[in-house]
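Right, one structure below, let's go through it.
The values are calculated or read from the model by the stated rules, or taken from the named source; none is laboratory data. From a predicted model like this one, the values you see are computed outputs, not experimental measurements. Because the Cβ atoms are built from the backbone with ideal geometry, glycine has one as well, and the counts that use them run over all protein chains shown.
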Amino acid sequence: MSKKWPTRSQRRQFFKILSKKEKITFLAFFLLFLFSFSFLLLNFYFKNTEKVPSKGGTFIEGVIGQPRFINPVYANSDADRDLVQLIFSGLMKYDENLNIVPDLAERYEIEQEGRIYKFYLKENLLWQDKTPLTADDIVFTIRTIQNPDFKSPLQANWVGIEVEKINELEIKFTLKKPYGAFIENCILGILPKHIWQSVSSENFAFEPFNLEPIGSGPYKLKKIKQNGSNQIKYLILIQNPLYHAKKPYISKIEFLFFTNEEELTKAARKGKIKGLSLTSSTNLGKKWQNYSLLLPRYFAVFFNQESSEVLKEKKVRLALNYGTNKQAINQKFVDSPILPEIYGFNEPSLQYEFDIEKAKSILEEAGFKDEDGNGLREKIITKEPAFKFTSRLTKGSEGKEVRELQKCLAEFPEIYPEGETSGYFGEKTKQAVIKFQEKYYEDILQPYGYTKGTGTVGKSTRAKLNEICFEEPDEVLALKFSLATVNQPQMVENAELLKEQWRALGAEVEIETYSLFQLEQDFIKPRNYESLFFGEVLGAIPDPFPFWHSSQKKDPGLNLALYENSEADKLLEENRKTSDSEIRAEKLALFQDILIEDVPCVFLYSPDFVYAVSKEIKGIEIKKITDPSKRFVGIENWYIKTKRVWK
């Protein structure tokens, strides 16, 4: 039987028996075959595989400022909160859509109509130093914050709340009264008791662990580098292999620290960093992606009616609302503190659309006019005298009017040198009245044909006495007030724009700018301002109580307009009690209508938070945040490297 295939020696002779032309033709077809086979193979590979995130890579974040307390109990700066977000975990956490979901907790229960919250921890939780994380750590963290000796800025959030360990994996919180937004408190990062329990309140803020944290979050501290001035130059985080949830793809995160935004953006353009927060949508180039994140905050001008006579007048506040062109500020403007876009509520039924002529008309009706043509309005207020003579007084009269008559005459020693105020109309008083009448002869005696005083206090005498002794001059109330704000470029620019717009109405506004610290300490806390251009930040669960309830008019409350309305108070209290989103929407809709009707402020705008990230960073899905540090929510899904896997 003959063989089907040539032997090895025969195959070696293949090219020897071919002509040159046949060799070229064969090679051409062979190469075409290889190319076609490779193409089909690659096509098959790409059709049946997909690109997925892969572990590895380094992300570099640029931050303005310096970390001081990488500690959930004290974290108060942006740099501190950024690092706490990555290194620590809470009972609960936000997801990319601002929903509150379990973190260290496996689940939770609400009992007794919202007065008791029970949390059940996941099993086998570990701190980054491999120590077990238990209910003891949660109780320790909360009680540390509640203890006034530790002076935590979060203390107000936990007043009147009892925390109790049931067992190693169960914690119970007991509230004095139902509070529907309490669950948001539980996003707080938890401290390790075994690290901090021996540290006294006096040394807590100075403990080295404030910059050498042990947490339970997705990342842990590897290295911190300081310069000669003990300022932190950079800080390196690496994946926490003991993290209880999905491990992040990005292996390492570096934080570089800058003193201002100019330095920050310069570093970004040079490629030294891959992520930074911006005050506006600055274009950093084609290699960058700007993410505009919804943030439940708004800016407004709050009117302090207790410090300004002119702002006490509702029509003035109403005119300022109609006279404000919010669109000129070039931000997403708002008409309510409930922020419908974020919470999904309806827009308020009452809105003050820009109408300068209507604003001027309202001021005219309120009596504020520009009589001298200088472009500024003022109102003439006629005051009633404290006392007025109304009775006919003669010799023998007595009582209060006689006493007031004697006081008035005593102001003229040449008329009433005795100056007695007995309340009895005697001969001395009569002679003093005669002298007074003759002194003002043209006003008192001449119109009635008298040449000498009568000593009787009649109509013309009373009129002159009232004019000289008690009539107060008219008061001029200028349409003028001061506007305090933070000494930051964008805030000052917008304040100047408001000043210009209100100047067109005839109002004179004096802008006063301060550092944020000075503004808070010297003006906001004592409510020492006439009007304040400032921002307020809500949480994932809308609770305007701290900002608008009358009990919050004084520090540490945040009712910056010192607003007071009993009906609004009741709605805010009812909103706090419920966990039902439909009831909450109903109460807050009614509240916003009452508030807007009372015009305690001018609501201006709600800017998005702009986060710029290098396009090489993928997987960023977050849409809403409650504060800038929450831009790292979902960071376990961010990635730099990829790989292909079979579908």
*If you go through segment 86-112, how many residues are part of a helix (DSSP H, G or I) and either among the β-branched types (Val, Ile, Thr) or in contact (Cβ under 8 Å) with a residue 40 or more places away in the chain (or both)?*
2
*Any idea which residue in segment 196-224 is surrounded by the fewest Cβ atoms within 10 Å (Cβ to Cβ), counting only those that are closer than 18 Å to THR134 by Cα, without any contact (Cβ under 8 Å) to a residue 60 or more places away in the chain and in contact with a Phe, Trp or Tyr (Cβ under 8 Å, 6 or more places away or on another chain)?*
GLN197
*Across segment 117-130, what is the total count of residues that are within 16 Å of PHE88 (Cβ to Cβ) and crowded, with 16+ Cβ neighbours inside 10 Å?*
4
*Within segment 371-399, which residues are farther than 30 Å from THR456 by Cα and not in a loop (DSSP other than H, G, I, E, B)?*
GLU378, LYS379, ILE380, ILE381
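Of the residues that make up segment 510-523, is at least one more than 30 Å from SER280 (Cα to Cα) and in contact with a Phe, Trp or Tyr (Cβ under 7 Å, 6 or more places away or on another chain)?
Looking for residues that are more than 30 Å from SER280 (Cα to Cα) and in contact with a Phe, Trp or Tyr (Cβ under 7 Å, 6 or more places away or on another chain), one finds none in segment 510-523, hence no.
Could you identify the single residue in TYR440, TYR352 that is farther than 30 Å from GLU582 by Cα and buried (at least 16 other Cβ atoms within 10 Å of the Cβ)? If you could, list the steps in order and put the result at the bottom.
Working: TYR352 fails: farther than 30 Å from GLU582 by Cα.
That would be TYR440, the only listed residue that is farther than 30 Å from GLU582 by Cα and buried (at least 16 other Cβ atoms within 10 Å of the Cβ).
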_Condition first: outside the structural domain of ASP149 (by TED's automatic domain parsing) and either touching a Phe, Trp or Tyr at 6+ places or on another chain (Cβ under 6 Å) or surrounded by 11 or more Cβ atoms within 10 Å (Cβ to Cβ) (or both). Can you find one or more residues in segment 27-38 that meet it?_
yes
_Test for GLU586: is it more than 30 Å from LYS287 (Cα to Cα), assigned to a helix (DSSP H, G or I) and modelled with pLDDT of 95 or more_ = no
*Within segment 115-122, can one find any residue that is farther than 12 Å from GLU168 by Cβ, free of Cβ contacts under 8 Å to residues at least 12 places away in the same chain and under 29 Å from the mean Cα position of the chain (by Cα)?*
no
*In this structure, is GLU582 closer than 30 Å to LYS177 by Cα and surrounded by fewer than 21 Cβ atoms within 10 Å (Cβ to Cβ)?*
yes
_Count - residues of segment 258-271 that are surrounded by fewer than 12 Cβ atoms within 10 Å (Cβ to Cβ) and at negative phi_ = 4
*Among the residues of segment 129-141, is there at least one that is closer than 24 Å to VAL633 by Cβ and more than 29 Å from the chain's Cα centre (by Cα)?*
yes
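Take the conditions under 30 Å from ASN185 (Cβ atoms), assigned to a loop (DSSP other than H, G, I, E, B) and hydrophobic (A, V, I, L, M, F, W, C) and apply them to LEU83. Does it pass?
No: the conditions fail for LEU83.
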*How about segment 151-250: which strands (runs of 3 or more DSSP E) wholly inside it have at least 1 residues that are of a type in the set (Phe, Trp, Tyr)?*
170-175, 219-226, 232-239
_Among (1) out of contact with any Pro (no Cβ under 8 Å at 6 or more places or on another chain); (2) surrounded by 17 or more Cβ atoms within 10 Å (Cβ to Cβ); (3) among the β-branched types (Val, Ile, Thr) - the single one ILE190 does not satisfy_ = (1)
*Is there any pair with a first residue in segment 413-431 that is among the acidic types (Asp, Glu) and a second that is at pLDDT 95 or above whose Cβ atoms are under 6 Å apart and which are 6 or more apart or on different chains, and what are they?*
none
*Boolean, ASN76 is modelled with pLDDT under 95, closer than 30 Å to PHE150 by Cα and of a type outside the set (Ser, Thr, Tyr)*: yes
*With the checklist (1) surrounded by 18 or more Cβ atoms within 10 Å (Cβ to Cβ); (2) in contact with a Leu (Cβ under 8 Å, 6 or more places away or on another chain); (3) under 17 Å from PHE299 (Cα atoms) in hand, flag the one item ALA561 doesn't pass.*
(2)
*Consider only pairs whose beta carbons are under 6 Å apart and that are at least six residues apart or on different chains; among these, list those whose first residue lies in segment 293-313 and is free of Cβ contacts under 8 Å to residues at least 60 places away in the same chain and whose second residue is not aliphatic (A, V, I, L, M).*
LYS312/GLN305
